[in-house]
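Presented below is the structure to which this report refers.
The values are calculated or read from the model by the stated rules, or taken from the named source; none is laboratory data. Please read all numbers here as calculations on a predicted model, not as lab measurements. Counting neighbours? That spans all protein chains shown, and the Cβs are built from the backbone with ideal geometry, glycine included.
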Amino acid sequence: MSRTERLIAETDKYLAHNYHPLPVVFTKASGVWYEDVEGNKYLDMLAGYSAANHGHCHPRIVDVAYEQFRRLVVAPRAVYSDRLTEFGKVITEFCGMDKILPANGGAEAVETAIKLSRKWGYLNKKINNDHAEIVVCNENFHGRTTTIVGFSTEKQYRNGFGPFTPGFKLIEFGNPDALGRIITKNTVAFLVEPIQGKGGINIPERGYFKEVQKICRKNNVLLVLDEIQTGFGRTGMDFAYQWECIRPDVLIIGKSLGGGLAVSGVLANDEIMSVMTPGDHGSTFGGNPLACALAMEGVSILIDERLSERSALRGGYFLSRLRDIKSPLIKEVRGRGLMIGLELTVQARPVCEALLRERILCKETRENVIRFTPPLVISIEDIDWAMERIEKVFRKLEGR
């Protein structure tokens, strides 16, 4: 039995089987490359579901982590910390918002945004207690908590986990008229991803979010954008909403914010965030000094290395190369920046496994879509290296 086989067997023995991993065991990484326990290198085309936008083990992030570990890691919100103050200033200014409520993972941030939206509705719209409604979209993915899976349209996410939290209404993604029709006096927010990642890299038509913003403003409804996957350069802009020159009322961030460490947050203006008072909400590790230090350095790297611009340029090149592949197995190639979906006419899992054998890490979503979301530091040479192998896999699968 190889070391890989042994580690996989032990993982299956001791860990819950809530994932179906590809058969590889990584032990280290740098930039856009992983290395497995057998010494093989793999090009990362997943970036931890967009959590590693800066690349793996970026030297500046490593240095900041080491320095902060030696200085201060935990400071409860029962006191102040200098890193938390600095973090608040840096992130709110970068995002163009007044205040941030820090959290850890993405789902926690989404739950926070739900609480914030509901309380804002009760205090500011004078909605009757326990009547607040939030509109969400089909094919959404906002996390895995019981509240969030309750408004998912994916059956497996819901099966066996009810009863679910009421107060959510589903509409078609990309259809602004559907939003206008479903809003009532009890509607407090529209929670939506600018691009649906796990839903299959679904991109609405241009102008959709401009119209959505008009509808929300007209009806005094909060526009809550979940930019956990799409934020911090992933789509070729700092945030995906900037493609339509709009401004959300509530912005949810996470994943790559921490440069590889779990950091998330919810941002809003003073008027909205003021509904949160001491005791309303909290998080033991939310806003811890280590997370704050890494998030600030991550933003600094994003700016210094012009990663959003790199994402736009590299993503455009990668998209064009993928669209040049002529294969009956490919139905559509779509994406923005380095958030790319390859929709197939066959199941995607076997294709991802074949690509893994060619030393490319990617992952399927929605059964027949391959998600390509490499670190934003990827080079043209890296993409060319990948394309040789991607084309080879499709030729082989076609029997050519």
Given (1) out of contact with any Phe, Trp or Tyr (no Cβ under 9 Å at 6 or more places or on another chain); (2) modelled with pLDDT of 95 or more; (3) not acidic (Asp, Glu), Leu225 misses just (1)
Filter segment 1-25 for residues that are surrounded by 10 or more Cβ atoms within 10 Å (Cβ to Cβ) and hydroxyl-bearing (Ser, Thr, Tyr); the one that is farthest from the chain's Cα centre (by Cα) is Ser2
Being farther than 30 Å from Leu342 by Cβ and buried (at least 16 other Cβ atoms within 10 Å of the Cβ): is that true of Glu108 here?
yes
The condition of being touching a residue at least 40 places away in the same chain (Cβ under 8 Å), loosely packed, with under 15 Cβ neighbours inside 10 Å and within 30 Å of Val393 (Cβ to Cβ) holds, among Glu353, Glu343, only for Glu353
Checked Lys126, Lys115 against criteria (charged (D, E, K, R) and farther than 20 Å from Val192 by Cα); the one match is Lys126
Val275 fails exactly one of (1) within 18 Å of the chain's Cα centre (by Cα); (2) under 16 Å from Thr112 (Cα atoms); (3) not in a strand (DSSP E or B), namely (1)
If we keep only residues of segment 242-262 that are modelled with pLDDT of 95 or more and in a loop (DSSP other than H, G, I, E, B), then the residue surrounded by the fewest Cβ atoms within 10 Å (Cβ to Cβ) is Cys245
- With respect to Ile272, determine if the residue is of a type outside the set (S, T, N, Q) and outside the structural domain of Gly143 (by TED's automatic domain parsing). no
The correct count of residues that are in contact with a Phe, Trp or Tyr (Cβ under 9 Å, 6 or more places away or on another chain) and either aromatic (Phe, Trp, Tyr) or outside the structural domain of Lys41 (by TED's automatic domain parsing) (or both) in segment 368-388 is 1
Inspect all residues belonging to segment 297-304 and state whether any of them is in a helix (DSSP H, G or I), touching a Phe, Trp or Tyr at 6+ places or on another chain (Cβ under 9 Å) and over 19 Å from Gly259 (Cβ atoms). no
Check your understanding: Given the structure, is Ile228 under 12 Å from the mean Cα position of the chain (by Cα), part of a strand (DSSP E or B), touching a residue at least 12 places away in the same chain (Cβ under 8 Å) and not assigned by TED's automatic domain parsing to the domain that holds Glu343?
Key -> no
Quick count over segment 44-86, residues being of a type in the set (Ser, Thr, Tyr), without any contact (Cβ under 8 Å) to a residue 60 or more places away in the chain and in the same structural domain as Ile228 (by TED's automatic domain parsing), is 2
From the option list Lys89, Lys99, Lys41, single residue qualifying as without any contact (Cβ under 8 Å) to a residue 60 or more places away in the chain and not small (Gly, Ala, Ser) is Lys89
Going through segment 278-292 in order, the residues found to be in a loop (DSSP other than H, G, I, E, B) and in contact (Cβ under 8 Å) with a residue 60 or more places away in the chain are Asp280, His281, Gly282, Ser283, Thr284, Phe285, Gly286, Gly287, Asn288
(1) closer than 20 Å to Leu338 by Cα; (2) assigned by TED's automatic domain parsing to the domain that holds Asp82 all hold for Arg314 apart from (2)
Across segment 350-383, the tally of residues that are assigned to a loop (DSSP other than H, G, I, E, B) and under 18 Å from Tyr34 (Cα atoms) stands at 10
Per the list (1) among the aliphatic types (A, V, I, L, M); (2) outside any helix (DSSP H, G or I); (3) under 16 Å from Leu46 (Cβ atoms), residue check on Leu322 breaks on (2)
Listed by first then second residue, the pairs whose first member lies in segment 109-133 and is assigned by TED's automatic domain parsing to the domain that holds Ile182 and at negative phi, whose partner is surrounded by fewer than 16 Cβ atoms within 10 Å (Cβ to Cβ) and part of a helix (DSSP H, G or I), with beta carbons under 6 Å and at least 6 positions apart or on separate chains, are none
The helices (runs of 4 or more DSSP H) lying entirely within segment 115-214 that contain at least 1 residues which are more than 25 Å from the chain's Cα centre (by Cα) and loosely packed, with under 15 Cβ neighbours inside 10 Å are 176-182
Subset of segment 216-241, residues surrounded by fewer than 20 Cβ atoms within 10 Å (Cβ to Cβ) and either hydroxyl-bearing (Ser, Thr, Tyr) or touching a helix residue (DSSP H, G or I) at 6+ places or on another chain (Cβ under 9 Å) (or both), comes to Lys218, Asn219, Asn220
